[in-house]
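Asker: Dropping a structure here in structure tokens format, bear with me for questions.
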Amino acid sequence: MQILINHITRMHGAHICVAGIDLQTGRHVRPVLQQGGMPFDLLARYDGPFDMARIIDLGQPRPTPNAPHVEDYVFIASRARVERTVCPHEFWDVLRKCSAARLEEIFGSALQLVGKERYATALGQGCVSLGCLRIERPAELYISERSNRKPQIRVRFRDGRIQVDAAVTDLRLYLSDHATPNVQLVLSMAKWLRDSDRAILAVGLTRKFRRDDKSPFFHWLQVNNIHLHEDPLWQLD
């Protein structure tokens, strides 16, 4: 199986999450390990195979769907091979073809409003957990300060029907600890996003998460990556 990487996401505990488009089916695939989370040393910056816009041959991964994360495929990391990095217009063309104009087109009716401008699906609900959303109106990227916790990168946007305020886990916008926002880069990206004539958001649903011990679990909507028409091949340093 060969996938074109279009999601690279920071996770808690020094782990990462990557996903891409299956070049045969056009569907998203998320490679996962049999044991534990995916370590950051599988990134290209640490001589691993994964980087944005790379075609990766995963060998023969085994599907392990568990709603809403139906895209999960267990693979053997040592067998992952880099085929090539696609050119900018090829990458954008794939993103455009797999993208939708509404979140409901991606996640279906399971996606519900949970708090002000925050969206999620109930535990174990949803037909998919990954997608790409075309946005035509400028989005607002910003850093939210939080007491006793690291600042969080967030983005406000409209999908033509609903207003959303979501966390951004784009690994490229964080420092090398994968947890601290790169403030200068976030400010630059905010301007690029405002000025861009076209942008595609790689969106996803989290693993089960609750805000505190008294809250129910949800799969929260987040923005995994921001892709700009003007520079779609922006990779990790």
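Asker: Limited to region 15-45, what total is found for residues that are out of contact with any strand residue (DSSP E or B) (no Cβ under 9 Å at 6 or more places or on another chain) and not charged (D, E, K, R)?
Answerer: Narrowing region 15-45 to residues out of contact with any strand residue (DSSP E or B) (no Cβ under 9 Å at 6 or more places or on another chain): 25-26, 35, 41, 45.
Subset that is not charged (D, E, K, R): 25-26, 35.
Looking only at that region, the number is 3.
Asker: Determine, yes or no, whether Gly36 is under 22 Å from Leu175 (Cβ atoms), modelled with pLDDT under 95 and small (Gly, Ala, Ser).
Answerer: So Gly36 fails the test.
Asker: Another question, then. Have a look at Ile16, Ile5, Ile55 and point out the one that is of a type in the set (Val, Ile, Thr) and over 15 Å from the mean Cα position of the chain (by Cα).
Answerer: Details: Ile16 fails: over 15 Å from the mean Cα position of the chain (by Cα); Ile5 fails: over 15 Å from the mean Cα position of the chain (by Cα).
Residue meeting the stated conditions: Ile55.
Asker: Now for a separate question. Mind listing whichever residues of region 1-28 are among the hydrophobic types (A, V, I, L, M, F, W, C) and over 14 Å from Leu95 (Cα atoms)?
Answerer: Met1, Ile8, Met11, Ala14, Ile16, Cys17, Val18
Asker: Something else about it: Answer with yes or no whether Tyr46 is touching a helix residue (DSSP H, G or I) at 6+ places or on another chain (Cβ under 9 Å), aromatic (Phe, Trp, Tyr) and either within 30 Å of Val164 (Cα to Cα) or not assigned by TED's automatic domain parsing to the domain that holds Arg134 (or both).
Answerer: On the way: touching a helix residue (DSSP H, G or I) at 6+ places or on another chain (Cβ under 9 Å): yes; aromatic (Phe, Trp, Tyr): yes; either within 30 Å of Val164 (Cα to Cα) or not assigned by TED's automatic domain parsing to the domain that holds Arg134 (or both): yes.
Yes.
Asker: Now for a separate question. Out of Arg137, Arg118, Arg79, Arg84, I need the residue that is farther than 15 Å from His227 by Cβ, in the same structural domain as Asn224 (by TED's automatic domain parsing) and either without any contact (Cβ under 8 Å) to a residue 60 or more places away in the chain or surrounded by fewer than 13 Cβ atoms within 10 Å (Cβ to Cβ) (or both). Which one? First the steps, then the outcome.
Answerer: On the way: Arg118 fails: either without any contact (Cβ under 8 Å) to a residue 60 or more places away in the chain or surrounded by fewer than 13 Cβ atoms within 10 Å (Cβ to Cβ) (or both); Arg79 fails: in the same structural domain as Asn224 (by TED's automatic domain parsing); Arg84 fails: in the same structural domain as Asn224 (by TED's automatic domain parsing).
One residue alone meets the criteria, Arg137.
Asker: Hey, does region 207-225 have a residue that's of a type in the set (Ser, Thr, Tyr), modelled with pLDDT under 95 and out of contact with any strand residue (DSSP E or B) (no Cβ under 9 Å at 6 or more places or on another chain)?
Answerer: yes
Asker: Search region 118-143 for residues being at pLDDT below 95 and touching a strand residue (DSSP E or B) at 6+ places or on another chain (Cβ under 8 Å), and hand back the single one that is farthest from Asp195 (Cα to Cα).
Answerer: Ile135
Asker: With the requirement that a residue be surrounded by fewer than 24 Cβ atoms within 10 Å (Cβ to Cβ) and either part of a strand (DSSP E or B) or not charged (D, E, K, R) (or both), what does region 204-225 give you?
Answerer: Thr206, Phe209, Ser215, Pro216, Phe217, Phe218, Trp220, Gln222, Val223 - these are the residues of region 204-225 that are surrounded by fewer than 24 Cβ atoms within 10 Å (Cβ to Cβ) and either part of a strand (DSSP E or B) or not charged (D, E, K, R) (or both).
The values are calculated or read from the model by the stated rules, or taken from the named source; none is laboratory data. Small disclaimer: the values here were computed from a predicted structure and weren't measured. With ideal geometry, Cβ positions are generated from the backbone for all residues, glycine too; neighbour counts draw on all protein chains shown.
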